[in-house]
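In what follows, a single structure is set out as structure tokens and then discussed.
The values are calculated or read from the model by the stated rules, or taken from the named source; none is laboratory data. Since we're looking at a predicted model, the values are computed, not measured. Neighbour counts are summed over all protein chains in view; Cβ atoms, including those assigned to glycine, are modelled from backbone coordinates with ideal geometry.
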């Protein structure tokens, strides 16, 4: 799998009913990185398990880009919502934000290519992928300061149901 596959997966998943709002709630309410959540799902759908150490590796590899580019572009875009001004300008900011997120995903794939990921359980069932997704996300959530699994378990289960 390459980063284009991750990007295509992300675009397809994000447009499913209710997925966008659930991902945004995790981002806005708990500080979760949507790209990290999508990577967790993407890896699980390929039968790959992520360790806490690998999650830390991804966070370290993408932190500067995310903090210097993705988050500021998102802040600018959100601050322009409802403001008078040309829609074209807001749209260009959104395009730049999406490009920054795509580059973040490329960094993620370069940091943890599938050859570095371990296989989960041997069966290829949807249940296995769903369980791996929950495990992968739980490892990620454990890295978020002040966030407890039980706070987001329902949202995560709903995402697994919708994406699975």
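Here are some notes:
- Check on residue 132, over 16 Å from residue 32 (Cβ atoms), at pLDDT below 95 and touching a strand residue (DSSP E or B) at 6+ places or on another chain (Cβ under 9 Å): yes
- Condition check for residue 62: in contact (Cβ under 8 Å) with a residue 24 or more places away in the chain, buried (at least 18 other Cβ atoms within 10 Å of the Cβ), at negative phi and in contact with a helix residue (DSSP H, G or I) (Cβ under 6 Å, 6 or more places away or on another chain): yes
- Pair list, Cβ < 9 Å and 6+ apart or interchain, from segment 97-123 residues that are closer than 16 Å to residue 8 by Cα to residues that are at pLDDT 95 or above and not in a helix (DSSP H, G or I): 104/33
- Matching residues in segment 40-59 - criterion: being crowded, with 17+ Cβ neighbours inside 10 Å and modelled with pLDDT of 90 or more: 40, 41, 42, 43, 44, 49, 50, 54, 55, 58, 59
- Residue in segment 23-33 that is farthest from the chain's Cα centre (by Cα), counting only those that are surrounded by fewer than 18 Cβ atoms within 10 Å (Cβ to Cβ) and assigned to a helix (DSSP H, G or I): 29
- Boolean, residue 68 is part of a helix (DSSP H, G or I), closer than 15 Å to residue 144 by Cα and either without any contact (Cβ under 8 Å) to a residue 24 or more places away in the chain or touching a strand residue (DSSP E or B) at 6+ places or on another chain (Cβ under 7 Å) (or both): no
- Residue 16 being loosely packed, with under 14 Cβ neighbours inside 10 Å, touching a residue at least 24 places away in the same chain (Cβ under 8 Å) and in contact with a helix residue (DSSP H, G or I) (Cβ under 9 Å, 6 or more places away or on another chain): yes
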